[in-house]
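The values are calculated or read from the model by the stated rules, or taken from the named source; none is laboratory data. Since the model is a prediction, treat every value here as computed from it, not as a measurement. Methodologically, a virtual Cβ is constructed for each residue, glycine included, from the backbone with ideal geometry; neighbour enumeration extends over all protein chains shown.
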Amino acid sequence: MKCIYCKKEVIGKEKTNEHVIPQWIIKKLDIKKKQLSFTSISEKLEVFKPTTPIPHTFTHKVCATCNNGWLCDIDESCKDLLEVMIDGKEAKDFLNRESVEKLRTLIYKIFLNFFATSPSSFKEKKLNFYHDFFKTKKPPENVYLFVTPFINDKIFSMNHLDGWQQLYENQIIDDDGSGLRFKFYLQLGETALVLCSSGDKRNMIVYDERYLIPLYISRFSIPTNFEQTTPDFHPALRTEVNHFLYDSIRVSRALIFK
C-alpha cells in the first residue's frame with residue numbers, strides 16, 4: 001500500500017489509521033459511538049449506496065510519519081479558535097489572518113480525508129491533490145471558506161456535493177481538470193462551515209450572502225441573493241444540506257483572471 005499523501009510504500013507498523021475527524025473533536029462532541037450516514041454523490045448527481053460508520057472507526061490508511069507528524073500538527077493548529085466556534089461563543093478575538101488560514105487548512109484536510117473514504121472511482125482521479133497537499137501543507141488559493149447560519153438539528157454533520165448551477169444558462173462552464181471542484185459542509189456543535197472550490201481558475205464562485213459569511217474568498221467572488229429551487233428538483237437534493245449547497249453556491253465564467 002502507498003500512503004495517499006506522501007506516496008511512500010508502507011507495510012506493517014508503518015500502516016496507520018488516520019481519523020477523518022480529529023480525535024479531539026470526536027471527544028469534545030462526544031460522538032465516538034454516534035451512528036453516521038454518508039451518501040456519495042457524483043458530479044452528475046448520481047447517488048451511491050450510503051455508508052454508516054461511527055466516528056471513531058471513520059478512517060483511511062496513511063503512513064505513520066504523515067499521521068503522527070504534519071497531519072497531527074494541522075489538527076492542533078487552530079484548536080483554540082475552533083473550540084470557541086463549536087461552543088457557539090463569540091470568536092472575533094480569535095479571528096485573524098493566520099488563524100483563518102489554519103482553520104481553512106484543517107477543514108481542507110478533513111475534506112480530503114473524507115473524500116479518501118469515497119468510492120475508488122471518485123478519488124483515483126484526484127490523487128495529485130493529496131500529493132500537492134503533502135508538498136505545500138496548505139490548500140490551493142481558490143479553495144474558499146465560509147461560516148454559515150444554516151445549521152440542522154444534529155450536533156455533527158458532514159456533506160459533500162459536486163452539483164453546480166451556472167449563473168447564466170447560456171454560459172459554457174467546463175472543467176479543465178486542473179483543480180479539485182467541490183462543495184463541503186461541516187457542522188461541529190454550534191457552528192457550521194462551508195469549504196468550496198470551482199476547480200477551474202477561469203470560473204468564479206457566486207454565493208448567497210444571506211446564508212454564507214466569507215472567511216476566505218477571492219476578490220473575484222460575487223455575493224448575491226438567489227431564488228431557491230424546489231427540493232424535489234433531483235433525488236440527490238432531497239436532504240436539506242445538499243439542497244442548501246446546490247442553491248447557495250453557484251459558478252460563472254470569470255471575466256478577469258488572476
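A few comments on the model shown:
- Against the list (1) at pLDDT 90 or above; (2) aromatic (Phe, Trp, Tyr); (3) under 16 Å from Tyr5 (Cα atoms), the condition Phe115 fails is (1).
- Verdict on Leu127 being at pLDDT 95 or above, surrounded by 14 or more Cβ atoms within 10 Å (Cβ to Cβ) and either within 13 Å of the chain's Cα centre (by Cα) or farther than 21 Å from Arg202 by Cβ (or both): no
- Exactly one residue out of Phe134, Phe146 is modelled with pLDDT of 85 or more and in a strand (DSSP E or B): that is Phe146.
- Checklist (1) free of Cβ contacts under 8 Å to residues at least 12 places away in the same chain; (2) touching a strand residue (DSSP E or B) at 6+ places or on another chain (Cβ under 6 Å) applied to Asn96, failing item: (2)
- Enumeration of residues in the stretch 194-207 that are farther than 13 Å from Glu141 by Cα and surrounded by fewer than 19 Cβ atoms within 10 Å (Cβ to Cβ): Arg202
- Residue in the stretch 62-78 that is aliphatic (A, V, I, L, M), within 19 Å of the chain's Cα centre (by Cα) and closer than 23 Å to Pro149 by Cβ present: no
- Flag if Ala91 is over 18 Å from Leu195 (Cα atoms), more than 19 Å from the chain's Cα centre (by Cα) and surrounded by 17 or more Cβ atoms within 10 Å (Cβ to Cβ): yes
- Close pairs from the stretch 14-28: first farther than 17 Å from Lys109 by Cα, partner surrounded by fewer than 20 Cβ atoms within 10 Å (Cβ to Cβ) and of a type in the set (D, E, K, R), Cβ under 6 Å, at least 6 apart: Lys15/Lys61
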